[in-house]
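The values are calculated or read from the model by the stated rules, or taken from the named source; none is laboratory data. Here the structure is a predicted model, which means the values were calculated and not measured. FYI the Cβ positions are ideal-geometry reconstructions off the backbone, even for glycines, and counts take in every protein chain you see.
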Amino acid sequence: MKLIAKVKLLPTEQQFTLLKRTLEEANAVCDYISERAWENETFRQFPLHKLTYREVREQFSLSAQVVVRCIAKVADAYKAGQKKQRKFKSHGAITYDNRILSYRPNDSMVSIWTIDDRQRIPFVCGERDKGYLNGRRGESDLVLVDGVFYLFATCEVETPEQEEVSDFLGVDMGVNNIATDSDGNNYSGKQVNGLRHRHACLRSKLQAKGTKSARQVLKNRKRKESRFAKDVNHRIAKELVLRAKDTGRGIALENLQGIRNRVTVRKAQRRQHHSWSFFDLRQKIAYKAELHGVPVVLIDPRNTSRTCPICGCVDKRNRPNQNTFSCIRCGFSGFADAIAAENIRRAAVNQPNVGRDEVKAVHTELRLSVPASRLL
């Protein structure tokens with residue numbers, strides 16, 4: 001499988017300026033190529049290369065390979081849609097390949113092309129990421145984040161064969177409770193939701209104040225909430241995967257794709273609803289499971305929280321409130337999320353022909369290339 005190793009560059013002040021100017025020049029070239037593509041209605045990479053390569057080489061100071069990467073960036077941008085001309089931020093990420101970037105993990109050094117020739121720049125990263133660099137494949141992205149330069153390198157990581165399992169650990173995901181498994185373990189969302197509410201109130205106050213110091217506080221706090229939520233998801237995903245691994249089971253998840261478009265909520269709940277990071281948790285579970293050889297299957301979520309596991313009765317009235325399940329037919333009752341997780345587990349066990357191809361397809365669907373340092 002592919003993971004992204006996150007490498008922090010430690011340039012000198014002069015090297016920092018060169019990298020910044022390189023980003024600005026490359027993105028100016030992207031804007032020029034995008035304008036020519038729009039004028040000529042030429043959006044595919046090869047025809048766009050024939051149209052713009054010589055012009056760009058004559059008018060700008062970028063090397064041949066950087067120009068090629070800029071053309072590819074513009075072509076990729078138009079793959080998302082051709083209804084409007086694409087514009088690029090002056091400090092947007094640019095892509096490097098092996099011709100213009102090389103790593104020396106043992107020396108913690110990279111050799112990278114800039115507009116003033118190649119520069120040798122030291123880097124730091126975690127030991128796990130450094131090990132991943134030995135399996136680096138393809139391209140790396142140079143990114144400027146909050147005044148710090150990073151390289152995101154695509155690395156190939158060996159994964160074990162998926163285990164043959166006869167049982168699954170069902171996992172129900174929600175807002176009030178981030179996850180509940182069929183063993184009865186509950187991961188409350190109270191801390192995350194409380195933090196998000198506090199951040200939202202603080203942002204509102206600072207934005208209303210509008211002073212220079214208030215804007216500086218907002219700038220310093222940005223992404224703090226998302227980092228916390230991702231860390232919580234990492235810990236939950238790791239615990240679920242290890243529990244399934246240790247007990248020789250797979251993991252069954254609800255297929256909640258597109259749920260935000262299907263579900264309507266009251267105005268007061270919109271912020272909480274749209275900040276729900278279930279997809280991030282789902283992907284973290286999927287890639288960690290693949291690293292440990294644990295199969296993952298997706299289950300249709302319809303009626304999983306309304307079905308009685310004892311008599312099979314399906315009715316809205318089985319859920320008198322958020323946390324309680326009480327069957328109107330047989331009287332069975334319990335914690336609603338735990339019962340939903342058990343229904344998810346049973347649905348996975350009873351699925352016909354859940355073979356390796358289907359499980360691999362699930363892993364492929366859920367996999368997301370994000371920095372390995374954030375993933376593990």
- Of all residues in region 77-88, which are within 23 Å of residue 154 (Cα to Cα) and surrounded by fewer than 17 Cβ atoms within 10 Å (Cβ to Cβ)? 79, 80
- Message: Need the failing condition index for residue 53 against (1) modelled with pLDDT of 95 or more; (2) within 32 Å of the chain's Cα centre (by Cα); (3) farther than 12 Å from residue 78 by Cβ; (4) not aliphatic (A, V, I, L, M), just the number.
- Response: (2)
- Task: For residues that are touching an Asp or Glu at 6+ places or on another chain (Cβ under 9 Å) and within 17 Å of residue 180 (Cβ to Cβ), scanning just region 275-295, find the one that is modelled with the highest pLDDT.
- Result: 282
- Residue check: is residue 121 of a type outside the set (S, T, N, Q) and either closer than 18 Å to residue 48 by Cβ or free of Cβ contacts under 8 Å to residues at least 60 places away in the same chain (or both)? no
- Residues located in region 154-183, provided they are outside any strand (DSSP E or B), at pLDDT 85 or above and either more than 30 Å from residue 6 (Cβ to Cβ) or touching a His at 6+ places or on another chain (Cβ under 6 Å) (or both): 164, 165, 166, 167, 182, 183
- Note on the structure: Taking region 173-196 and keeping residues over 21 Å from the mean Cα position of the chain (by Cα) and of a type in the set (D, E, K, R) leaves 181, 183, 190
- If you check 7, 74, which single one turns out to be of a type in the set (A, V, I, L, M, F, W, C), without any contact (Cβ under 8 Å) to a residue 60 or more places away in the chain and crowded, with 20+ Cβ neighbours inside 10 Å? 74
- Item | residue 132 modelled with pLDDT of 90 or more and of a type outside the set (A, V, I, L, M, F, W, C) | no
- With respect to residue 200, determine if the residue is aliphatic (A, V, I, L, M), in contact with a Ser or Thr (Cβ under 7 Å, 6 or more places away or on another chain), farther than 23 Å from residue 300 by Cα and not assigned by TED's automatic domain parsing to the domain that holds residue 349. no
- Any chance you could count how many residues in region 315-345 are surrounded by fewer than 13 Cβ atoms within 10 Å (Cβ to Cβ) and either of a type in the set (Gly, Ala, Ser) or not in a loop (DSSP other than H, G, I, E, B) (or both)? 3
- Within region 30-55, can you find the residues that are touching a Phe, Trp or Tyr at 6+ places or on another chain (Cβ under 7 Å), hydrophobic (A, V, I, L, M, F, W, C) and in a helix (DSSP H, G or I)? 30, 37
- Does at least one position in region 205-217 carry a residue that is surrounded by 16 or more Cβ atoms within 10 Å (Cβ to Cβ), touching a Leu at 6+ places or on another chain (Cβ under 9 Å) and in a strand (DSSP E or B)? no
- Query: Taking only pairs six or more apart or across chains, which ones have beta-carbon atoms under 6 Å, a first residue in region 13-38 that is in the same structural domain as residue 112 (by TED's automatic domain parsing), and a second residue that is of a type in the set (Ser, Thr, Tyr) and in a helix (DSSP H, G or I)?
  - Reply: 33/52; 36/52
- Picked from region 100-135 (must be part of a loop (DSSP other than H, G, I, E, B) and of a type outside the set (A, V, I, L, M, F, W, C)), the residue surrounded by the most Cβ atoms within 10 Å (Cβ to Cβ) is 105
- Within the group 148, 165, 175, 171, which residue is in contact (Cβ under 8 Å) with a residue 60 or more places away in the chain, under 23 Å from residue 8 (Cβ atoms) and of a type in the set (Val, Ile, Thr)? 148
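Take residue 97 and decide whether it is exposed (fewer than 15 other Cβ atoms within 10 Å of the Cβ), in contact with a helix residue (DSSP H, G or I) (Cβ under 8 Å, 6 or more places away or on another chain) and either closer than 15 Å to residue 19 by Cα or outside the structural domain of residue 42 (by TED's automatic domain parsing) (or both). It would help to see each step written out before you state the result.
Details: exposed (fewer than 15 other Cβ atoms within 10 Å of the Cβ): yes; in contact with a helix residue (DSSP H, G or I) (Cβ under 8 Å, 6 or more places away or on another chain): yes; either closer than 15 Å to residue 19 by Cα or outside the structural domain of residue 42 (by TED's automatic domain parsing) (or both): no.
No.
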- Message: When you scan region 305-313, do you find a residue that is among the basic types (Lys, Arg), surrounded by 13 or more Cβ atoms within 10 Å (Cβ to Cβ) and modelled with pLDDT of 90 or more, even just one?
- Response: no
